[in-house]
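Notes follow once the structure below has been shown.
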Amino acid sequence: MSITTLGQFIIEKQQDFPYAKGELSRILRDIGIAAKMISAEVNKAGLTQILGEHGSVNVQGEDVKKLDIIGNETFIWALEKGGEICAMASEENDDMIPLQGAYSKNGKYVICIDPLDGSSNIDVNVSIGTIFSVYRRVTEPGTEPTLADVLQKGSEIVAAGYVIYGSSTMLVYSTGKGVNGFTLDPSIGEFCLSHPNIKTPAEGKMYSINEGNAGEFPAGVTEYLKWVKESDKASNRPYSARYIGSMVADFHRNLLKGGVFIYPPTAKAPNGKLRLLFECIPMGYIAIQAGGEATTGKQNILEVEPTEIHQRVPIVMGSKNMVEKVISFGF
Ligand code: AHM
Ligand code: MG
């Protein structure tokens, strides 16, 4: 049989990280377990009218939790059981959460996570995702983790990736040696290697930006958008606008087909909307590992020094030539 499951793949690659003694493998396995559980919940989302609206009380009088809360709790559960992660920073929580598993304090790693990005799309059956990044802690194992453990530059990542809950569920991740994608086969309940060694095209056709904010864009972005449309007429429609408003889905399409994802600074949000730790660093890491680029316009995203958990930054990421083109207009 030619199938390789996520578990088999992780074990095969374990020798790439002799220092990790299997800990990183366990973390990736636990992320895979949490992803499968969240995928099952996401698939039931359309049944909320029968089971009870998320955030409401169901017919049995029980509170129906919002899916992003379920996602958050599922990751905490899986990673506390695993014991390799000492602390988690989550888009769902204001502060860093020290994990409380029996062995968590001795864990050598931390995780930053957006358990369910694009959750406003759930009600309308549009793809959403989970985004994660794993770092080695900077404090001593056995001591209380501190903010310094999660406020690390993207260049310190040991593993990062995302899960997309789309027409199928996929887990895409990198440990710094390229990007691999796994599709969940619901008939056996396993992620199977479906997209080995993903390389994003250097050039692409899609540009993804919320043009509803065009009135507030910096001049360079306005100029770029004009250029994109002008070259439309001149060279037989080379560019297409594609914007779902669910970053994992927009990014995933662009990664595979070639494209650029842009969330610029706006007058209302001078640092853009997207979070450095939870969204921009991990997705930028994947773009770069796949041969693309990711920048705030001023700096490679992996070189930005985080100063607070919910920090926001502008972002341009995707196909190398397209990112460079956007930046060439000024950002
Ligand atoms: P969220 O973390 O609250 O879900 O917001 C992040 C989402 C991204 O998935 C998406 O790219 C972006 O917000 C869309 O924002 P906008 O509606 O401003 O274009
Ligand atoms: Mg988010």
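The values are calculated or read from the model by the stated rules, or taken from the named source; none is laboratory data. Values in this document were obtained by computation on a predicted structure and should not be read as measured data. So basically every Cβ, Gly included, is an ideal-geometry build from the backbone, and we count neighbours across all protein chains shown. We work out accessible area using only protein heavy atoms, side chains counted, and drop any ligands, DNA or RNA first. Shrake-Rupley method; radii C 1.70, N 1.55, O 1.52, S 1.80 Å.
When the scattering of region 6-195 is computed by the Debye formula from its Cα atoms alone, each counted once and equally, what is log10 I(q)/I(0) at q = 0.09, 0.12, 0.14 Å⁻¹? Listed by q, the Debye log ratios stand at -0.33, -0.58, -0.79.
Go ahead and run the numbers for FRET between V138 and E324, Cβ-Cβ distance against an R0 of 45 Å, rounding to 0.05.
On the way: r = 33 Å, r/R0 = 0.74.
For V138 and E324, the calculated efficiency is 0.85.
Only protein heavy atoms count here; under a 1.4 Å probe, F9 has an accessible surface of about 20 Å². For the chain, the alpha carbon convex hull comes to 148 Å³ per residue, rounded to a whole number. Note on T307: accessible area is roughly 100 Å² with a 1.4 Å probe, heavy atoms of protein only.
Distances over 24 Å make up what percent of all Cα-Cα pairs in region 206-328?
Values: 1515 of 7503 pairs.
Above the 24 Å cut-off, region 206-328 has 20 percent of its Cα pairs.
Report relative contact order for region 6-195 in percent, whole number only (criteria: Cα-Cα under 8 Å, sequence separation at least 6). Provide the component values of the computation, followed by the final result.
Details: 348 pairs, mean separation 28.7, N = 190.
Computed value for region 6-195: 15 percent relative contact order.
Each label was represented as a point 7 Å from its Cα along the Cα-to-Cβ direction; for A45 and I188 these points are 2.8 nm apart.
Between the alpha-carbon centres of region 185-244 and region 88-134 there is a gap of 26 Å. The residues neighbouring Y109, those whose beta-carbon lies less than 14 Å from its own, together hold a net charge of 0 under the Lys/Arg +1, Asp/Glu -1 convention.
Take the solvent-accessible surface of the protein heavy atoms, probe 1.4 Å, and return the percent of it on the chain that carbon and sulfur atoms account for.
Values: 7370 of 14770 Å².
Using a 1.4 Å probe with all protein chains present, the chain comes out at 50 percent carbon and sulfur.
Per-residue SASA remark: R253, around 50 Å² accessible (1.4 Å probe; ligands, DNA and RNA not included).
Rounded to the nearest 10 degrees, the angle from helix 247-257 to the longest Cα principal axis of the chain is 70 degrees. Other residues lying with their Cβ under 11 Å from the Cβ of Y19 contribute a combined charge of +1, Lys and Arg counting +1, Asp and Glu -1.
Counting 0.36 nm for each residue step from I3 to T307 and taking away their Cα separation leaves a gain of 105.1 nm.
I'd like the GluC sites (Glu not before Pro) in region 157-226 restricted to DSSP loop residues with at most 16 other Cβ atoms within 10 Å, sorted by number. Mind dumping the intermediate values first?
Numbers: sites: E190, E203, E211, E216, E223; in loops: E203.
Within region 157-226, the qualifying GluC sites (Glu not before Pro) (loop, at most 16 other Cβ atoms within 10 Å) are E203.
With both labels modelled 7 Å from their Cα along Cα-to-Cβ, the E211 to E156 distance reads 4.1 nm.
At 222 nm, what helix-only mean residue ellipticity would the chain give, in deg cm²/dmol to the nearest 500, using -39500 (n - 2.57) for each DSSP H run of four or more?
On the way: 9 runs with 98 residues, N = 331.
Estimated from H runs of four or more residues: -9000 deg cm²/dmol.
Rolling a 1.4 Å probe over the protein heavy atoms gives the chain an accessible area of 45 Å² per residue. Projecting label points 7 angstrom from Cα along Cα→Cβ for A267 and T146 puts them 4.3 nm apart. Extension gain for the segment D95 to E203, taken as residue separation times 0.36 nm less the Cα-Cα distance, is 34.9 nm to one decimal.
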